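Novice: Below you'll find the structure I mean.
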Amino acid sequence: MKQPKSSKLSIEGLRLMSICPLCSSKNTPTESKVIQTHGDASLVHLSCKKCEQKILVLFRLSAVGVHCVGIVTDLSHTDAKRLISDRILDVDDVLDVHEALNEEGFLMGIREQAYEGA
Ligand SMILES: [Zn+2]
């Protein structure tokens, strides 16, 4: 009997998530929560209970197997979900940043705010 694609992704994904890529712990479970799923791809937040590192991993099922790409993060699951789901940047956002960076004193203002907050 042939497994459905989503089931195969789940099984392979669970196998990959059972070993922490940072401390290689096999016996300590990782906490995994799905942030977003789109078609054959899922973005999952992993938190190792041994080394306490957090990783965002993108799993994608293809004809040759499961591909995954991960990035170490300090975001909690809630923060990652909020940042990913809140909204998409558009061209106006990019233009606003470009204009702000060209304003005289913009970067100096950020530096001053950083020192005030320290
Ligand atoms: Zn670990």
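Novice: Might you let me know whether the stretch 41-49 holds any residue that is at pLDDT 80 or above and among the charged types (D, E, K, R)?
Specialist: Taking the stretch 41-49 and keeping what is at pLDDT 80 or above, we get 41-49.
Checking the rest, the ones that are also among the charged types (D, E, K, R) come to 49.
Checking the stretch 41-49: at least one residue is at pLDDT 80 or above and among the charged types (D, E, K, R).
Novice: Would you be able to say whether some residue in the stretch 77-86 is within 30 Å of T30 (Cα to Cα) and in a loop (DSSP other than H, G, I, E, B)?
Specialist: Residues of the stretch 77-86 within 30 Å of T30 (Cα to Cα): 77-86.
From what's left, in a loop (DSSP other than H, G, I, E, B): 86.
Yes, the stretch 77-86 has at least one match.
Novice: Tell me, which residue of the stretch 50-61 that is near the ligand (Cβ under 9 Å from one of its atoms) and either without any contact (Cβ under 8 Å) to a residue 24 or more places away in the chain or among the polar types (S, T, N, Q) (or both) is surrounded by the fewest Cβ atoms within 10 Å (Cβ to Cβ)?
Specialist: Filtering first and then ranking leaves E52.
Novice: Right, something else. Which of the residues that make up the stretch 74-96 are surrounded by fewer than 15 Cβ atoms within 10 Å (Cβ to Cβ) and either among the basic types (K, R) or within 15 Å of the ligand (Cβ to nearest atom) (or both)?
Specialist: Passing the criteria: D74, R82, R87.
Novice: Report, by residue number, each residue of the stretch 40-60 that is of a type in the set (A, V, I, L, M) and in contact with a Lys or Arg (Cβ under 6 Å, 6 or more places away or on another chain). Outline the logic, then answer.
Specialist: Initial filter on the stretch 40-60 (of a type in the set (A, V, I, L, M)): 41, 43-44, 46, 55-58.
Within the stretch 40-60, just A41 meets the criteria.
Novice: Anything in the stretch 49-76 that is of a type in the set (A, V, I, L, M), under 10 Å from the mean Cα position of the chain (by Cα) and under 20 Å from S24 (Cα atoms)? List them, or say none.
Specialist: Step one: list which residues in the stretch 49-76 are of a type in the set (A, V, I, L, M), which gives 55-58, 61, 63-64, 66, 69, 71-72, 75.
When the remaining residues are screened for being under 10 Å from the mean Cα position of the chain (by Cα), the result is 55-58, 69, 71-72, 75.
Answer for the stretch 49-76, where residues must be of a type in the set (A, V, I, L, M), under 10 Å from the mean Cα position of the chain (by Cα) and under 20 Å from S24 (Cα atoms): I55, L56, V57, L58, V69, I71, V72.
Novice: Restricting attention to the stretch 1-40, report how many residues are within 16 Å of the ligand (Cβ to nearest atom) and at pLDDT below 75.
Specialist: The total comes to 6.
Novice: Additional query: So, in the stretch 25-39, of the ones that are out of contact with any Lys or Arg (no Cβ under 8 Å at 6 or more places or on another chain) and part of a loop (DSSP other than H, G, I, E, B), which residue ends up surrounded by the fewest Cβ atoms within 10 Å (Cβ to Cβ)?
Specialist: Across the stretch 25-39, the extreme among qualifying residues is N27.
Novice: Also: Can you pull out every residue in the stretch 40-57 that is under 15 Å from C68 (Cα atoms) and either in a loop (DSSP other than H, G, I, E, B) or of a type in the set (A, V, I, L, M) (or both)?
Specialist: D40, A41, L43, V44, L46, I55, L56, V57
The values are calculated or read from the model by the stated rules, or taken from the named source; none is laboratory data. Just so it is clear, the structure is predicted and the values come from calculations on it, not from any experiment. We place every Cβ from the backbone using ideal geometry, glycine too, and count neighbours over all the protein chains shown.
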